[in-house]
Amino acid sequence: MPFALRPYSPPDFSQEKFRSAPNATLAPCPKDGVAPMGYHAMSIFPEYFKVDGQWLLAEESRMDCVPVYAGGAIAVKEFRLLKAGEMVFTGRTENAQDGIYVHANGFQEAAAQQEVFAFRQNRSRETAFSKDYDEIYGLLRHEREHGKIVWVMGPAFAFDYDARCAFAKLVEGGYVHAVLAGNALATHDLEGAYLHTALGQNIYTTENQPNGHYNHLDLLNRVRYHGSIAKFIAEEHIDNGIIYALEKHHIPYVLGGSIRDDGPLPPVYADVYAAQDAMRNQIRGATTVICMATMLHTIATGNMTPSFRVMPDGTVRQVYFYCVDIAEFVVNKLADRGSLSAKGVVTNVQDFVVNISKGLGL
């Protein structure tokens, strides 16, 4: 059965609650970086604001940010980017009472008939994910031509030969349009290409190498000597791995630094807000996001990713968001932080990416 996007059902603005709703209220920011009292905070869902009798969609949204009205359009901004005098929508109801409507059911799946009491209604390590894999294969084939696929990755892939190869094949096959990660993924992946180890352990046999605890530091030092990852790859004749594939195919990647980083590699963002901006720039336009084995970057990306995207032709489509982790805690915590549309897959991420590569025939 061919893959098909779920259709979007917009609100019926002919209903009385919309017709009788007041225009949304605006108030100016009192100073740079500060929203007015009673500001409205955005969710992951499509949100409409009534202005001069017309319901306007905030076309690019982000959870926990505020809607700013200017020039007949709505921009959604982080608090730190607000400017004194900018007009912000106020009101904290969500069902049109304040001229604000949060549309949570625009991509409603067909409701399965279900008894009030039934076993195994939640997803866990006992859940069979065969159906999810089939959906992901079809989704990725569709998105390769019609969307933007962003992968959010922890360093676990760099420790396994097959996982590194599988993800490189996804890059080469056109299934990767951007990668968000930290210093560790790139460091250990490049260590694997340079010294055939990750944290001193052979990436194929998993055997620890003599003095292997120096290997990631030697790698960091050598890349810093060359001044860039691209020059390191060229000068040291690197020919394999995740970062090699991204550089070869000119796929953008964002490495957000953390307090524990060694080195770090030259392109790593040391300023957390600069990293946040760079990550959000890649999430803008993303239609599928797959987060794997990184709680910090997964939740950060989840907070940046709305459940919908307004396409260039004006149509509204769903954003697909997957969280893949061997720990159920990570999958559940993502939903607890507000990413209610995220779908969890509880499995070993190395196996997951190898299965995805094979399922796509790579």
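The values are calculated or read from the model by the stated rules, or taken from the named source; none is laboratory data. Values in this document were obtained by computation on a predicted structure and should not be read as measured data. Keep in mind that these areas ignore ligands, DNA and RNA; they rest on the heavy atoms of the full protein, side chains included. Shrake-Rupley method; radii C 1.70, N 1.55, O 1.52, S 1.80 Å.
Listed values, structure above:
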item: Probe 1.4 Å, accessible area per residue of the chain, Å²; result: 49 Å²
item: Accessible surface ranking that places the most exposed of TRP55, TRP151 first, with a 1.4 angstrom probe; result: TRP55, TRP151
item: Gyration tensor (Cα) of the stretch 6-101, equivalent ellipsoid semi-axes in angstrom; result: 23, 15, 11
item: Pairs of lysine residues in the chain - Cα separation under 19 Å, sequence separation of 8 or more or cross-chain; result: 13
item: Rounded accessible area of LEU199 (nearest 10 Å², 1.4 Å probe); result: 90 Å²
item: Viscosity 1.002 mPa s, temperature 20 °C, Stokes-Einstein D of the chain from Kirkwood C-alpha radius, µm²/s; result: 97 µm²/s
item: Order of exposure, largest accessible area first, which applies to TYR320, TYR133 with probe 1.4 Å; result: TYR133, TYR320
item: Karplus 3J(HN,Hα) series, Hz, for the stretch 35-47 with 6.51 cos²θ - 1.76 cosθ + 1.60 (x for Gly, Pro); result: 7, x, 4, x, 3, 9, 9, 7, 10, 7, 8, x, 10
item: Largest-first ordering by accessible area, 1.4 Å probe, given options MET295, MET63; result: MET295, MET63
item: Cα-based shape type of the stretch 314-362, given that a ≥ b ≥ c are square roots of the gyration tensor eigenvalues and the cut on a/c is 1.5; result: oblate
item: Solvent-accessible area, 1.4 Å probe, carbon plus sulfur percent, for the chain; result: 51 percent
